[in-house]
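Take a look at the structure below.
Here, each number is a calculation from the coordinates, and none is a lab measurement. Since this is a predicted model, take the numbers as computed values, not measurements. Positions of Cβ are backbone-derived with ideal geometry, glycine not excepted, and every protein chain shown enters the neighbour counts.
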Amino acid sequence: MKKVLTIILLFIVVSCGQGKRNTSEKIITVSIGPFKYFVEQIAGDDFNVNVMVPAGADPHIYEPFPEQINQLRKSVAYISNGYLGFEMNWLDRFYETNRSMKRLSLSDKIEPLVSEHAHAGNHVEGADPHYWVSPRCAIIMAGSVMNLLLVLNPSHKEKYEANYQILISRIQAIDLEAEKLFSGLTNRSFMIYHPNLGYIARDYDLEEISVEYEGKEPPPSRLKELIDNARKHGLKTIFVQKEYDTKNAKAIAEEIGAEIKIIDPLSENWETATTEIIKAVYNSLIQISI
Ligand SMILES: [Zn+2]
């Protein structure tokens, strides 16, 4: 009997302890996976990061899960992109759900790229939301995340500043490598289904040719134009984001004898994804011989 009681008591103590630990965990909600990377690199495991649109999810038909809303209710801060279409539909509701959350838009200090084929549909018209893919923008983003973390948890200032420095030097190394790879290349145009490398193109003086037109599948007249353009530039690769259907890109690729290269800019491992993207773009450019 005594043994049974002890076990029951132990069980109660353990489950209470667990309950307590869960409620005291601080949560930061972020719009997309790559933002999680910046929080974790600077804050370590001081916060649980709740990602609204996880990698692999289709940003066009995004609907938050009940568990995400649950996490949102308990969040101390929300980090948004500022230009993503789903935020226009949801952000006000998120802030209504949790009024005490600190709010940070990572677009705040970034010079926006106003794309000529402005995104309709899942993005805000006018400003290109994909700044996080560029290392130059990532340096600014890291600073913004760092400032937020210092407000949320000032007692960990030293740790955050040290981690921030390490992160910055790693991003700078990627930037330097990209600079080195892209400088001096004669061919500087690449084609991509969903135009998410606009800031890479801007920052390293490349040309991004988008298959999508105003956020939609290209009309037949434009498809012909794209094929001509791809031939003119001697393109051998068409980039497609993991989450997107490759049908149209494949049609162009077959027509011009190019290959499809899948990239993952929504990955939660920003560093690996960005390094791979830069290498893939570089490889596609050196393949061109015209
Ligand atoms: Zn996008």
Given charges at beta-carbon only (K, R positive; D, E negative), |dipole| of the chain in Debye: 1180 debye
In the Gaussian network model of the chain, springs joining C-alpha atoms below 10 Å, which of Ser221, Ser189, Ser100 carries the largest mean-square fluctuation? Ser221
Mind checking the full-extension length gain between Lys247 and Ala173? Use 0.36 nm per residue of separation minus the Cα-Cα distance, one decimal, nm. 23.1 nm
Once the range 139-247 is represented by equal point scatterers at the alpha-carbon sites, with solvent omitted, what log10 I(q)/I(0) does the Debye formula produce at q = 0.11, 0.20, 0.21 Å⁻¹? -0.54, -1.04, -1.09
How big is the chain by Rg and Dmax over its Cα atoms, in Å? 22.2, 86
Under the 0.36 nm per residue contour assumption, what length would be gained going from the current alpha-carbon distance of Tyr95 and Glu276 to full extension? 61.7 nm
Expressed in nm to one decimal, what extension gain is obtained for the pair His156 and Lys102 from 0.36 nm per residue of sequence separation less their Cα-Cα distance? 17.7 nm
For Glu254 and Val114, what does the FRET efficiency come to when R0 = 35 Å and r is the distance between their Cβ atoms, rounded to the nearest 0.05? 0.60
Extending each Cα 7 Å along its Cβ direction at Glu67 and Lys26, get the distance between those two points in nm, one decimal. 2.4 nm
Choice from Pro154, Pro220, Pro129 showing the highest fluctuation, given a GNM over the chain with Cα pairs closer than 10 Å: Pro220
Over the chain, what is the mean sequence separation of C-alpha contacts under 8 Å (at least six apart), divided by residue count, expressed as relative contact order in percent? 17 percent
Work out the charge dipole of the range 84-212 with +1 on the Cβ of Lys and Arg and -1 on the Cβ of Asp and Glu about the Cα centre, then indicate which of Leu197, Ser105, Ala127 is farthest towards its positive end. Ser105
Once you compute Rg and the Kirkwood Rh from C-alpha atoms, what is the Rg to Rh ratio for the range 26-95? 0.93
The chain, Gaussian network, Cα under 10 Å: of Asp92, Asp128, Asp203, the residue fluctuating most is Asp92
Please work out the C-alpha center-to-center distance from the range 190-245 to the range 45-100 and express it in whole Å. 29 Å
